[in-house]
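The values are calculated or read from the model by the stated rules, or taken from the named source; none is laboratory data. Since we're looking at a predicted model, the values are computed, not measured. Here Cβ is always computed from backbone atoms with ideal geometry, including for glycine, and neighbour counts include all displayed protein chains. What goes into the accessible areas is simple: the full protein's heavy atoms, side chains included, and nothing from ligands, DNA or RNA. Shrake-Rupley method; radii C 1.70, N 1.55, O 1.52, S 1.80 Å.
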Amino acid sequence: MAKQRKKEKKHKAPMPPLSTLDRFIYITLMVISFIACFILGVLLDVIKHLIAFSDKTVIAYEGTIADLLFLPFLIFILLFGFIALLNCMNSKTPIFGKKGITYGPPKYKAKYPLFMRNKPEVYVKPSEKRWRKTKCILILGILVLTLIPLGFSFCGRKCLTDDVTIQQYNIVNVKKSEYTIDEIESTTLKAYYHLGGKYSRSYWEVSIEFATNNKNFEFDYSNFKPFGDGAHTETLDMLLDIKSKLNSKDIEFIGIDNLEYVIEEKGLNEKESEMLYELFNAN
């Protein structure tokens, strides 16, 4: 009898193909999980932006390596979203099921559509129940472990204030160092081509770099506070104001020949273009 059962179990047919509706639901949910990760990443960036500019004197900020502390949480969401759904789809786990198919034994394993009416009760071994409980605890534990670094990913930053003071904040939002304008030994204004990575585009950019006696701080044009229709004018006004407060002899200009590419990249109008040339003493 035991041999007969073993033989029947061995020759059970694989799960039938998913219905078109079930496949559509799985694919839609996987796309949603990707979109959710993207939205979450944007939301985290917005939160960091709000924290940095909660100080009204701050006109620009740059993140630190602490920004990457949110990655474990995003990876967790992706693993238990997209990959879990992909695994269910590949194992042909039905959601509504396919018409004309009788699920479950004797032909198929005891796996029934999620929303099947009068779904038979499936026997689960005590050991399997314990494993499922343990698995849930492990997943919850991993989630907690990813939330801890997430909480420390918001506050690490380098800030530039309107009086040209550079501030550094650690992951618990405590200012750990500050450099006033008198401690800035030299400044570099640079127009350059920013090379993107595998998943980011390359573009023309302007940056301002401050050198102190022991450290350099660089802020890109995109790190400045303004955004919206008047963003370029406001940002260029801020950069010109910073330049006016510095010793002109200590300012170096790099990439003046690239300014026309920056103008085209950012879509600057005539007035803003003139301001950019003035910033680089290229009038």
- Can you give the FRET efficiency for Leu40 and Leu114, using 1/(1 + (r/R0)^6), R0 = 30 Å, r = Cβ-Cβ distance, to the nearest 0.05? 0.70
- Task: Compare the Cα positions of Ala36, Ala282, Leu143 along the charge dipole of the chain (+1 at Cβ of Lys, Arg; -1 at Cβ of Asp, Glu; about the Cα centre) and return the one farthest towards the positive end.
- Result: Leu143
- Could you work out the helix-only [θ] at 222 nm for the chain, with each DSSP H run of four or more residues adding -39,500 (n - 2.57) and the total divided by the number of residues, to the nearest 500 deg cm²/dmol? -13500 deg cm²/dmol
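To the nearest 20 Debye, how big is the dipole of the stretch 31-188 about its Cα centre, given +1 on the beta carbon of each Lys and Arg and -1 on that of each Asp and Glu?
Dipole about the Cα centre, nearest 20: 2340 debye.
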- Query: Rounded to the nearest 10 Å², what accessible area does Cys155 show when all protein chains are kept and the probe is 1.4 Å?
  - Reply: 20
- Task: Choose one of Ile77, Ala231, Ala60: the residue whose Cα lies farthest towards the positive end of the charge dipole of the chain (beta-carbon charges +1 Lys, Arg; -1 Asp, Glu; about the Cα centre).
- Result: Ile77
- Size of charge dipole - the chain - debye, nearest 20, with Cβ of Lys, Arg +1 and Asp, Glu -1, no other charges: 5120
- Note on the structure: Using alpha carbon centers only, the stretch 250-283 is separated from the stretch 168-218 by a whole-angstrom value of 19
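Would you mind computing Rg(Cα) / (2.2 N^0.38 Å) for the stretch 29-138, counting N as its residues?
Details: Rg = 22.0 Å, N = 110, 2.2 N^0.38 = 13.1 Å.
Against the compact-globule rule of thumb, the ratio is 1.68.
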- Descending principal axes extents, the stretch 194-283, alpha-carbon based, whole Å: 35, 34, 26
- Task: Run the quick spin-label model on Leu50 and Glu260: label points 7 Å from Cα toward the beta carbon, then report their separation in nm to one decimal.
- Result: 4.4
- Query: Top to bottom by accessible area (1.4 Å), largest first, where do Lys98, Lys125, Lys48 land?
  - Reply: Lys125, Lys98, Lys48
- Query: Say the cut-off is 19 Å between C-alpha atoms; which of Lys48/Lys215; Lys92/Lys119; Lys99/Lys125 go over it?
  - Reply: Lys48/Lys215; Lys99/Lys125
- Message: Rg/Rh for the chain to two decimals, with Rh computed the Kirkwood way over all alpha-carbon pairs.
- Response: 1.21
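Summarise the accessible area of the chain (1.4 Å probe, protein heavy atoms) by the percent that is carbon and sulfur.
Here carbon and sulfur together make up 60 percent of the probe-accessible area.
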- Message: So if the hydrodynamic radius of the stretch 78-208 is defined as the Kirkwood radius over C-alpha pairs, what does Stokes-Einstein give as its diffusion coefficient at 10 °C and 1.306 mPa s, in µm² per second?
- Response: 73
- Query: If we sort 18-24, 236-242 on the protection proxy, mean other Cβ atoms within 10 Å, highest first, what's the order?
  - Reply: 236-242, 18-24
- Note on the structure: Given a Förster distance of 22 Å, the FRET efficiency implied by the Cβ-Cβ spacing of Leu71 and Ile27, rounded to the nearest 0.05, works out to 0.30
- Task: Compute the acute angle (0 to 90°) between the alpha-carbon long axis of helix 231-245 and the principal axis of greatest extent of the alpha-carbon atoms of the chain; round to the nearest 10°.
- Result: 40
- With each pseudo-label sitting 7 Å past Cα toward Cβ, what's the Lys271-Ile142 distance in nm, one decimal? 5.5
- In order over the stretch 131-141: 3J(HN,Hα) from phi, Karplus 6.51/-1.76/1.60, θ = phi - 60°, whole Hz, x for each Gly or Pro, gives 5, 5, 5, 4, 4, 4, 5, 5, 5, 4, x
- Message: Could you compute the net charge surrounding Val262? Neighbours are other residues with a C-beta less than 11 Å from the C-beta of Val262; K and R count +1, D and E count -1.
- Response: -4
- Message: Please compute the alpha carbon radius of gyration of the stretch 38-80, then divide it by the globular-protein estimate 2.2 N^0.38 Å. Two decimals is fine.
- Response: 1.36
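Could you size up the charge dipole of the stretch 110-251 around its Cα centre, putting +1 on the beta carbon of Lys and Arg and -1 on that of Asp and Glu, and report it in debye to the nearest 20? The partial results should precede the final answer.
On the way: 21 positive and 17 negative charges, 406 e Å.
It works out to roughly 1940 debye.
Keeping all protein chains in place, calculate the accessible area per residue for the stretch 113-166 (probe 1.4 angstrom), answer in Å².
Values: 3870 Å² over 54 residues.
So the stretch 113-166 comes to 72 Å² accessible per residue, rounded to a whole number.
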